[in-house]
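The values are calculated or read from the model by the stated rules, or taken from the named source; none is laboratory data. Because the structure is predicted, anything quoted here is derived from the model rather than measured. Note that each Cβ is placed from the backbone with ideal geometry, even for glycine, and that neighbours are counted across all protein chains shown.
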Amino acid sequence: MKKIIFFVILMIWPRVGHSLVYIDINTPGQQKIPIAISPFVIKGDKQIALEAQSILEQDLKYTGFFNILSPEIFLENTPTLEIDFKKWQLIGAYLVVKGKLEIAPQVINLEMRLYDASQGIMLVGKRYQGKKNALRFMVHKFADAMMEALSGEPSIFQTKIAFVYKYNNTKEIFVTDFDGYNPHPLTKFKTICLSPKWHPNEKKLLFTSYKKGKPEIYLLDL
């Protein structure tokens with residue numbers, strides 16, 4: 001029942017070796033890290049590029065670890081993957097994200113990089129290819145790579161939320177992205193389904209249904 005999204009990682013640059021921990025997720029009250037999301041290089045629909053930047057910004061805001069700088073103070077405004085570290089240092093940007101989006105009729109190619117402007121190094125570089133409806137997944141995947149590079153811990157941006165959706169006299173199991181986008185049904189039993197619970201391998205979902213008139217436990221492969 002799971003909708004498969006065509007998605008490929010074309011290239012992964014190795015992370016520059018460093019021992020610096022930028023974010024300690026176990027320490028509350030840390031000072032927020034100033035980060036700039038530079039305008040993406042665009043080949044195609046500008047609106048899709050703006051959407052990609054917005055998705056990343058919302059992901060970073062969700063963590064509470066970042067102070068996202070306003071583009072109004074940027075000294076490097078021309079979209080490019082190259083970086084002038086001094087210009088970003090002058091505005092107080094500790095981290096900088098740059099991206100490039102190429103849009104073809106059937107697929108999009110997205111390249112994203114995370115730089116440490118204070119040290120003048122690239123921390124993360126990824127290139128993805130997929131269908132247009134995979135854009136959110138690509139950006140979430142990069143946000144996960146960012147957080148793992150900065151904290152040394154896995155992140156949550158590719159996780160899913162399972163919930164019960166009530167419609168008329170029925171209750172079905174739905175799943176959505178962690179941020180509430182892309183909700184879709186996992187069941188269409190037209191009866192009562194309750195208590196979804198993820199299997200430890202995160203690829204299966206347990207839930208209770210009255211499909212046969214009495215409560216029974218179902219295991220759904222995703």
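General observations
- When we screen E57, E76 for residues that are under 21 Å from A145 (Cα atoms), of a type in the set (D, E, K, R), in the same structural domain as M138 (by TED's automatic domain parsing) and out of contact with any His (no Cβ under 7 Å at 6 or more places or on another chain), the only hit is E57.
- For the range 21-61, the set of residues classified as under 15 Å from R136 (Cβ atoms) and free of Cβ contacts under 8 Å to residues at least 24 places away in the same chain consists of Q47, L50, S54, E57, listed by residue number.
- If the condition is being surrounded by fewer than 19 Cβ atoms within 10 Å (Cβ to Cβ), on the phi < 0 side of the Ramachandran plot and not charged (D, E, K, R), then the range 145-164 contributes A149, S151, P154, I156, Q158, T159, I161, A162, F163, V164.
- Test: residue in the range 192-215 that is under 12 Å from the mean Cα position of the chain (by Cα) and either surrounded by fewer than 20 Cβ atoms within 10 Å (Cβ to Cβ) or farther than 24 Å from E102 by Cβ (or both): no
- Hits in the range 185-222 - residues which are among the acidic types (D, E) and in a loop (DSSP other than H, G, I, E, B): E202
- From the list F174, F178, F142, the one residue that fits, being modelled with pLDDT under 95, hydrophobic (A, V, I, L, M, F, W, C) and either in contact with an Asp or Glu (Cβ under 6 Å, 6 or more places away or on another chain) or surrounded by 14 or more Cβ atoms within 10 Å (Cβ to Cβ) (or both), is F178.
- Checking each residue of the range 118-132 against the condition of being touching a Leu at 6+ places or on another chain (Cβ under 9 Å), in a loop (DSSP other than H, G, I, E, B) and either surrounded by fewer than 17 Cβ atoms within 10 Å (Cβ to Cβ) or modelled with pLDDT under 95 (or both) gives at least one match.
- Selection from the range 41-56 of residues that are part of a loop (DSSP other than H, G, I, E, B) and in contact with a Pro (Cβ under 6 Å, 6 or more places away or on another chain): none
- Note on the range 97-117: residues that are within 20 Å of E82 (Cα to Cα) and either out of contact with any helix residue (DSSP H, G or I) (no Cβ under 6 Å at 6 or more places or on another chain) or in a helix (DSSP H, G or I) (or both) amount to 10.
- Take the conditions (1) of a type outside the set (A, V, I, L, M, F, W, C); (2) part of a helix (DSSP H, G or I); (3) surrounded by fewer than 17 Cβ atoms within 10 Å (Cβ to Cβ); D59 misses just one of them, which is (3).
- Any hit, the range 85-96, residues being modelled with pLDDT under 95 and surrounded by 15 or more Cβ atoms within 10 Å (Cβ to Cβ): no
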